[in-house]
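Let me begin by presenting the structure, written as structure tokens, before commenting on it.
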Amino acid sequence: MTPMLSLATVSAAYGSFQALFGVSLDVARGEAVGVIGPNGAGKTTLMRVISGILPMRDGTMSIEGREIGGLPAHRVVEQGIAHVPENRRLFPRLSVEENLRIGAFIPSARARFAEQLDWVYQLFPRLKERRGQPAGTMSGGEQQMCAIARALMSKPKVLLMDEPSAGLAPIVVQQVFELVHRIRAEGLTVLIVEQNVQQVLDVVDRAYLLEVGAIKLSGTAAELKGNSFIREAYMGL
Amino acid sequence: MDIYLLEAIINGILLGGVLALLALGLNLIFGVIDVVWICYADIVMCGMYAIFFLYAQYHVPLPLAFLIAIIGIAALGILVHLFIIAPVLDSAPINQLLATGGLLFFLQSFATLLFGTDFRNIGVRLPVLEVATIYVSFARLIAFAVALIGAVALYVFLKRTYIGTAIRAISQDREIVGLMGVDQRRIYLVVSGIGGALAGLAACLLALQYDVHPFIGNTFGPVIFMICVLGGLGNMIGGFIAAFVISQIIAIGGYYSSTELSYVFAFTFFIVLMFIRPRGLFAP
Amino acid sequence: MNLNHVLWAVGLAILIALPFLAPPYFLHLVIQILIWAFIYTAWSLMGRFGFVSFGHGAFLGVGAYVPALLWNYYGLTPWLGIPLGVAGAVLLAIVVGYPCFRRRVVGHYFALVTLALSQVVLLSLVAARDITGGSLGFTQKAVGHSWYALQFPEKGYFYVIAVLLWLAGLAAWRSIDRGIGREALEAISEDEDAAAAVGIDVMRQKMRVTIVSAALTAVGGAIYGQYVMYLNPETVSGIAVSLQIVFAAIAGGVYSLLGPSVGSLLTLSLTEGLRVWFGTDYIGAANTIYGILLVLCIIFMPQGIVGSLQGMRRRGAIAKPLVTLDRQSATRRPSSAAQ
Ligand SMILES: Nc1ncnc2c1ncn2[C@@H]1O[C@H](COP(=O)(O)OP(=O)(O)OP(=O)(O)O)[C@@H](O)[C@H]1O
Ligand SMILES: [Mg+2]
């Protein structure tokens, strides 16, 4: 079966600084996959390359077998990939609902805006309460919910999440990870970058370890949890 | 109160409408594309010439001439973006300023070449209204009303449509809008087109009141920048209000002294205000 | 002695020989090129550090009108009138520059505030039409050859004055380029806060370069007025002249000693050439082409002409932008921000 998302020997760079060196990874349909690694490993870069905000230098990239390497970001969304960026990056002066509306910018999503909005409000009742508030004035947790909701508005097949738990209180972190379960239950495929290694390994099926722009290790969540190197270096056990 | 002063104030408010419209266009472009079109008033000049020739020379009915001018200038706005702004988008801001400054030079000289330096009037004489011994130019009244309608229409567009929301979003986070499926280049073209259409609309309103000549842009171009900066570059509501502040200074100053001095007052007021509020009147 | 010295020697020899060889019309053109080269060089003293002023039309206007008016109305010799005009321009520069720098009016805002300043001077000159002749301009009272009035009907005198002026401008450029202030100013244009943090007196450095630039511009305006003996608000003040100054300086290149002079040489000979070419039948044709060339130059030679040539000579060197506005405006563009 063709994987949902597939990267083969992908390289990327910022100017003359190369940040990714031949990264290959696959995510099957309905799977949740984690990417872990130290600061500066290139995790965010990987996400940016997949969603097309950073052009790929080399390699191939496809969704459901359709090549997406080299597509500009706005075309990648149309292929069914939504990206929850690092640090949320909401439009602070737009209201919550306007943020959600712009999440449904692509034609296919506009057509079912109302339906999608209902679903998202059902997932995040809090956002419905705050629909008219400028997004920048909400709490960090609410903003993260809004960022995820905004990405879901395009009705994606694959959801990329870049450190959704960063800067949140433990209880909210818990909620975010529970959310990953619910999103998967809806049939979405998830690729998630996390520093919270222990917790992310509880929600994903498999994970990759990225170090200095290259995949160092990969395996099922259970395997990685048992790996002594991971336990020492990333879980502090 | 002195009846003539009152008249000046009213005319000031009416003038403010057109200036506000122009400030809206310039602010929209700056807010989204981050480029100041120094040549904006000269694009209005092109629109005025278009109306003059269509109506006075080729006897196209006035409403149709207006419509053609608005569409034509909107197209001109798009061309300006494609051929002049797009190539310098990644250059230093001063290069962008200068590229449109070069266009200003070009438009003024080209108009001189084509049409000479004569002052031309479309020759539509609208009545002057007399309300309780105050004389108000009908043309200005129309201009004011249309400018307000234009501003409201723009507001509704920005507030209610997907493209409008994207336009507001893009100035808040240029990179991330791409993740929403928004094609930045397309938005830039749309915004340049709208900016052009607003200039075209202003051209219609100004053609009813003023003669057109190649350098007419020099008379109100600097005023529009000043209004935009005063309101906070990119802040459309601020610019809208600032237009009325400035037009009042010009109107009242003109009443007490000469036209030129009234502009001197306005510019001086602007400079002093920049020292008090360097990011504009309405900056947080 | 290297190639550069040879080139300078040849250049100077040509400059010395010129008045004896060139026809008067040609000499007239050269004098204008030199005076404007001086003015553009004066502008670039600020421009190269990112203070993009559209207000030099104001300094030029004050510098030109004050001595001319004093001469016409009070018979005051330009030898006193010019210093007074320069003082006026400097005062203006301080009154506007100081609060601008203090209140951190930078980038687009600085450009537009200074643009307003040149409009203020233009419109004031027009409004005071009883004295200045308004937009029709006015002619200085001519007294023939006179050192007292600084009037010389023979072009040779002004030629010498223009050459000396130009050399003085280059010397000023060089002294700032070689002086200790340069690094301070570069640091300021990079990051004002960081510069202040390492102990640079930001205000002092900015004011110094602004005052020098304004004063020299005013001198240029005065000599221009003495030479052409006719002043018009549009030709020495306002947005059009300011744009002309910024354009020519940047087109030539503000980071090299001769850049602004090359800008003057090219723009003036181009406009003059086009004007002669098209004659009076096609008013505006010359400037139309000039406008197109300006836009093309900005798009395709963002380093300025001299900068681009130097760039070609040492290919691979990191390109400097043509002028950087202060950082505050550069960082307004979140597109390059890291996610
Ligand atoms: N815009 C940029 N320009 C230049 N280099 C960049 C840019 N963004 C990231 N880098 C560099 O690329 C490398 C990878 O960065 P990236 O943001 O992908 O790391 P990360 O794994 O997401 O780190 P973190 O866990 O801290 O978010 C780093 O060395 C970083 O300095
Ligand atoms: Mg990261």
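The values are calculated or read from the model by the stated rules, or taken from the named source; none is laboratory data. On a predicted model such as this, the values are computed, not experimentally measured, just so you know. Neighbour counts are summed over all protein chains in view; Cβ atoms, including those assigned to glycine, are modelled from backbone coordinates with ideal geometry.
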ask   = Looking only at residues in segment A:184-222 that are over 18 Å from the mean Cα position of the chain (by Cα) and closer than 24 Å to A:GLN174 by Cβ, which one is farthest from ligand 1 (Cβ to nearest atom)?
value = A:ALA222
message = What are the pairs with Cβ atoms under 8 angstrom where one residue, in segment B:8-23, is closer than 16 Å to B:LEU208 by Cβ and of a type in the set (S, T, N, Q) and the other, located anywhere, is modelled with pLDDT of 90 or more and assigned to a helix (DSSP H, G or I)? Sequence gap at least six, or different chains.
response = B:ASN11/B:ALA251
message = Please go through segment B:85-115 and give me each residue that is more than 7 Å from every other protein chain (Cβ to nearest Cβ) and of a type outside the set (Gly, Ala, Ser), ordered by number.
response = B:ILE85, B:LEU89, B:ASP90, B:GLN96, B:THR100, B:LEU104, B:LEU107, B:GLN108, B:LEU114, B:PHE115
ask   = Do you know which of the residues in segment C:198-217 that are at pLDDT 95 or above and small (Gly, Ala, Ser) is surrounded by the most Cβ atoms within 10 Å (Cβ to Cβ)?
value = C:ALA214
request  = Go through A:ILE36, A:ILE53 for me and flag whichever is within 13 Å of ligand 1 (Cβ to nearest atom), within 16 Å of the chain's Cα centre (by Cα) and more than 21 Å from A:ALA221 (Cβ to Cβ).
outcome  = A:ILE53
ask   = Which residue out of C:ILE250, C:ILE292 is within 12 Å of chain B (Cβ to nearest Cβ) and surrounded by fewer than 20 Cβ atoms within 10 Å (Cβ to Cβ)?
value = C:ILE292
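Within segment C:149-162, can you find the residues that are in a helix (DSSP H, G or I) and surrounded by fewer than 19 Cβ atoms within 10 Å (Cβ to Cβ)?
C:GLY156, C:TYR157, C:VAL160, C:ILE161
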request  = Identify, from the list B:ILE224, B:ILE241, B:ILE163, the residue that is more than 9 Å from every other protein chain (Cβ to nearest Cβ), surrounded by fewer than 24 Cβ atoms within 10 Å (Cβ to Cβ) and among the β-branched types (Val, Ile, Thr).
outcome  = B:ILE241
query = What pairs come up if the first residue lies in segment A:15-38 and is under 30 Å from A:GLU186 (Cα atoms), the second is of a type in the set (D, E, K, R) and within 16 Å of ligand 2 (Cβ to nearest atom), and their beta carbons are under 8 Å apart, counting only those six or more places apart or on different chains?
reply = A:GLY34/A:GLU194; A:VAL35/A:LYS43; A:VAL35/A:GLU194; A:ILE36/A:LYS43; A:ILE36/A:GLU194; A:GLY37/A:LYS43; A:GLY37/A:GLU211
ask   = Which ones in segment B:1-12 are more than 8 Å from B:ALA251 (Cβ to Cβ) and part of a helix (DSSP H, G or I)?
value = B:ILE3, B:TYR4, B:LEU5, B:LEU6, B:GLU7, B:ILE10
task = Go through segment A:11-37 and give me each residue that's assigned to a loop (DSSP other than H, G, I, E, B) and within 16 Å of ligand 2 (Cβ to nearest atom).
result = A:GLY37
task = Go through (1) within 14 Å of chain B (Cβ to nearest Cβ); (2) within 16 Å of ligand 2 (Cβ to nearest atom) and name the single condition A:PRO164 misses.
result = (1)
task = Spot the failing condition for A:VAL23; the list is (1) more than 26 Å from A:ALA222 (Cα to Cα); (2) of a type in the set (Val, Ile, Thr); (3) more than 10 Å from chain B (Cβ to nearest Cβ), and only one is missed.
result = (1)
query = Which condition breaks for C:LEU80 when tested against (1) surrounded by 15 or more Cβ atoms within 10 Å (Cβ to Cβ); (2) in a helix (DSSP H, G or I)?
reply = (1)
ask   = Is it the case that segment A:27-35 has a residue that's touching a Gly at 6+ places or on another chain (Cβ under 8 Å) and among the hydrophobic types (A, V, I, L, M, F, W, C)?
value = no
